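What follows is calculated from the coordinates using simple rules that are stated; it is not laboratory data. Here the structure is a predicted model, which means the values were calculated and not measured. Don't worry about glycine lacking a Cβ; one is built from the backbone with ideal geometry, like all the others, and counts go over all protein chains shown.
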Number of protein chains: 2
Amino acid sequence: MQQITSPAFFIGREEKGLISFGSGQPDLPPPKEVFKVLPHYHAFRYGLVQGQINLREDLSKEYPGSTKDDFIITNGASEALDLSIRYIAKHGGKKILIHRPYYYAYPKLVELAGMKPVFTELVAGKIDIGDFEEKFKQCDGAIINSPCNPAGTVQDHSIMRAIEKLSRDLNKFVISDEVYKDIIYVKNKYQMKGQKIIRVDSFSKTYDMTGYRVGYIYSKNKELIQDAINIKNVTSLNTSIIAQQMAHAALKAPKKYIKEHLKIWKERRDVMYEGLVDLGLETWKPEGAFYILASMKNPTKVMHDLYYKHKLVVYDGNWFGAPDKIRFSYAVDSEKIKEGLKRVKKYLESKK
Amino acid sequence: MQQITSPAFFIGREEKGLISFGSGQPDLPPPKEVFKVLPHYHAFRYGLVQGQINLREDLSKEYPGSTKDDFIITNGASEALDLSIRYIAKHGGKKILIHRPYYYAYPKLVELAGMKPVFTELVAGKIDIGDFEEKFKQCDGAIINSPCNPAGTVQDHSIMRAIEKLSRDLNKFVISDEVYKDIIYVKNKYQMKGQKIIRVDSFSKTYDMTGYRVGYIYSKNKELIQDAINIKNVTSLNTSIIAQQMAHAALKAPKKYIKEHLKIWKERRDVMYEGLVDLGLETWKPEGAFYILASMKNPTKVMHDLYYKHKLVVYDGNWFGAPDKIRFSYAVDSEKIKEGLKRVKKYLESKK
């Protein structure tokens, strides 16, 4: 039995009979338009490090007040986060504020860049703006994530406005990770504005294109954009040109794709949430994304037992700064969710 | 007139009438097999962070003594270098030895990782092993690049063996950037071995797939491989799955592709080399890759003048640690090389 110490163990893993509530891996296919560009594709040269012009131009149509020059196309939101964090470190940054629970990559990215993560605790999944403000004053930037992976919560507009104002008043960067912005069950998305706002997004969750790795930075800060391009010029050069062309096709596909998928996510959310409540687990109803946190003692052991004995992947809450919790992803079809919940039930009964 | 301060300005730029001796951008297409995978491609999920199994398995057949577990597939050689350098920094590294002239990314990657580059001067493009050894003892790792971009030189086997031995005796990492290993005009490639050897390679130059961004790390060091995967798990996740599938097709294509291309590169090398000699520029005959350094005073001004007044892209030697030199790439067809050389001639005459 191999010890599992990071999500890297599970990502891309496919085994017969395995059900995965692990990575945020949608099982729904991308818009069919995405594959239509392939049969006659023949480009092969380097693309622009900043990203292909057609993709940036069409992206800018989705962001009022933006132009193609405000975007950098990246290897998924992951590289967009990494470039933003490295930029802050390169300009003397020492501390980055992160809300806890967090997407597991945030503290590691901050540490890799030679900075220190500072944490503010979410209260029932929501940002405590008093604590946030106090700690933000001591930091060189902050990362927020709404809808939140792993908490499944959406921050209220009043909170988003308050953070936007703090960024302006304190003249500090806020990285807003919005990869789940099109998967919100309760209210509309909030569009943060400001010279020190770095919005990070991706085609992975909105268009179910996780494997292609196309994300982006959107910011009105010209210095950030220029210097992040200079960093990317040495760390990876252009994002794969064919993946960008597919992302462009996704953007041009009928928008009903997003709405139809949201309906499916919501149905699955209900199956997962009600199932976990039926099992007597303490949790809250997700407002966005496709994750749910449920309380369970000793989550590291639970994760190992469920994988090795019950062929079910769940993620250890500790990876997300959520001790005594398990993260369940419900990015699989309802039948699999029901079967997976049966395995959880069997496991819980075996422990009685 | 915009000041040009980095190769990022030129990469991917296409303008009517422009001839580029700039980036190492082959104009020859990849093997046709590469595009045959596209019409029926339909995968979309996350791939393994380490890289797709079929690609790693077939790569391992090209490296005697290796297995698929010794490879990480990356976003081009750039990310392979970045991960290797970050790994060394993460484990306490402070200084990295680099030979000068160097590929422009090396010192920047070292600095981004919070370390300091230390330089050893190439002598007529060759490593001075005495100076290398003395400085390597004070460093935590070294980067070597043979064939060398920008010098076009290939290091002798005796030098490679000496560096291999130093790595073993001093127990220090050597990153061997081998992206031009299949473009050598004078002698066979040397395969470095050892627990502290990190070999970096790519599909970009061997198979003319620069825009797709598929490279790799090959190392027998299990700790490095595992930890570099953990870093990649937060900085970019898997390399684009479709680009990996195309790289796999390239690997399976008939090997005569590489030989035929080498013949073309050699012809172009001769046209470029002889043309620069005819113009009276001081240079040496390249032994590998598709770059040549020629002496010219004030290369920053020369680069600006040639681009803005003569529609010719050349790179400032200062970017590569080669002051008073211009780097010419000859990865374009012979007719364009001749036309470009005419523009250089016209420029030189205008300066008399």
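In debye to the nearest 20, how big a dipole does the protein assembly as shown give about its Cα centre with +1 on each Lys and Arg Cβ and -1 on each Asp and Glu Cβ?
The dipole magnitude comes to about 220 debye.
Ignoring everything except DSSP H segments at least 4 long, calculate the 222 nm mean residue ellipticity for chain B; use -39,500 (n - 2.57) per segment, divide by total residues, nearest 500. Don't skip to the end; give the middle numbers.
On the way: 11 runs with 136 residues, N = 352.
Theoretical 222 nm ellipticity from helices: -12000 deg cm²/dmol.
Quickly work out the A:Asp69-to-A:Ala43 label distance, labels modelled 7 Å from Cα along the C-beta direction, and quote it in nm with one decimal.
Between A:Ala43 and A:Asp69, the simple spin-label model gives 2.1 nm.
Grab the Cα-Cα distance for A:Arg13 and A:Asp324, subtract it from 0.36 nm times how many residues apart they are, and report the gain in nm with one decimal.
109.5 nm
Which residues among region B:53-86 fall inside the zone where the amide N is under 20 Å from a point 7 Å beyond the Cα of B:Lys255, along Cα→Cβ?
Within reach of a label on B:Lys255, which here means backbone N under 20 Å from a point 7 Å along Cα→Cβ, region B:53-86 contributes B:55-68.
Where is the GNM fluctuation largest for chain B (alpha-carbon springs, 10 angstrom cutoff): B:Ala253, B:Ala43, B:Ala243?
Judging by the Gaussian network model, the answer is B:Ala43.
If each label sits 7 angstrom from Cα along the C-beta direction, how far apart, in nm, is A:Ile258 from its counterparts in the other copies?
Distances to the matching label points in the other copies: 4.6 nm.
Is the shape of region B:15-67 rounded, prolate or oblate, going by the alpha carbon gyration tensor and its root eigenvalues a ≥ b ≥ c, with a/c under 1.5 for rounded and a/b larger than b/c for prolate?
prolate
So what is Rg over Rh here for the protein assembly as shown, counting just Cα atoms and using Kirkwood for Rh?
0.98
To the nearest 0.05, how large is the calculated FRET efficiency for B:His91 and A:Thr300 if R₀ is 22 Å and r is the Cβ-Cβ distance?
0.30
Suppose R0 equals 60 Å. What FRET efficiency, 1/(1 + (r/R0)^6) with r the Cβ-Cβ distance, do A:Lys165 and B:Asp27 give to the nearest 0.05?
Working: r = 52 Å, r/R0 = 0.87.
With a Förster radius of 60 Å, E is 0.70.
Give me the distance in nm between label points sitting 7 Å out from Cα along the Cα-to-Cβ direction at B:Lys61 and A:Gln191, one decimal.
Result for the modelled spin labels: 5.2 nm.
Please express the Cα-Cα pair-distance distribution P(r) of region A:41-252 as a list of whole percents, one per 10 Å bin, running from 0 to the bin with the greatest distance.
Binned Cα distances yield the sequence 9, 37, 37, 15, 2, 0.
Given an 8 Å cut-off on Cα distances and at least 6 residues of separation, report the relative contact order of chain B as a percent.
RCO, chain B: 25 percent.
Mind listing the label-point distances from B:Ser295 to the same position on all other copies, shortest first, one decimal in nm, points 7 Å along Cα→Cβ?
Counterpart label points of B:Ser295 in the remaining copies fall at 7.8 nm.
For A:Leu348, place a label point 7 Å from Cα along the Cα-to-Cβ direction in every copy; what are the distances to the other copies, in nm, shortest first?
Label-point distances to the other copies, shortest first: 8.1 nm.
Provide the descending list of Cα extents for region B:34-151 along its principal axes, expressed in whole angstroms.
Largest to smallest, the principal-axis extents are 53, 31, 28 Å.
Taking the Cβ of each residue in B:Tyr308, A:Tyr315 as the centre, tally the other Cβ atoms inside 10 Å and list the residues starting with the fewest. All intermediate terms of the calculation are to be shown ahead of the outcome.
Details: B:Tyr308 12, A:Tyr315 28.
In order of increasing Cβ crowding within 10 Å: B:Tyr308, A:Tyr315.
FRET efficiency for A:Lys338 and A:Lys222, Cβ-Cβ distance as r, R0 = 41 Å, nearest 0.05?
0.20
If neighbour count is taken as other Cβ atoms inside 10 Å, put B:Ile19, B:Ile73, B:Ile159 in order from fewest to most.
The fewest-first ordering by Cβ neighbours comes to B:Ile159, B:Ile19, B:Ile73.
Report the paramagnetic label zone for B:Lys309: residues of region B:320-352 whose backbone N is under 15 Å from a point 7 Å from Cα along the Cα-to-Cβ axis.
Hits in region B:320-352 for B:Lys309 at 15 Å: B:343-352.
Rank these for me by crowding, A:Ser20, B:Ser295, going from fewest to most other beta carbons within 10 Å.
B:Ser295, A:Ser20
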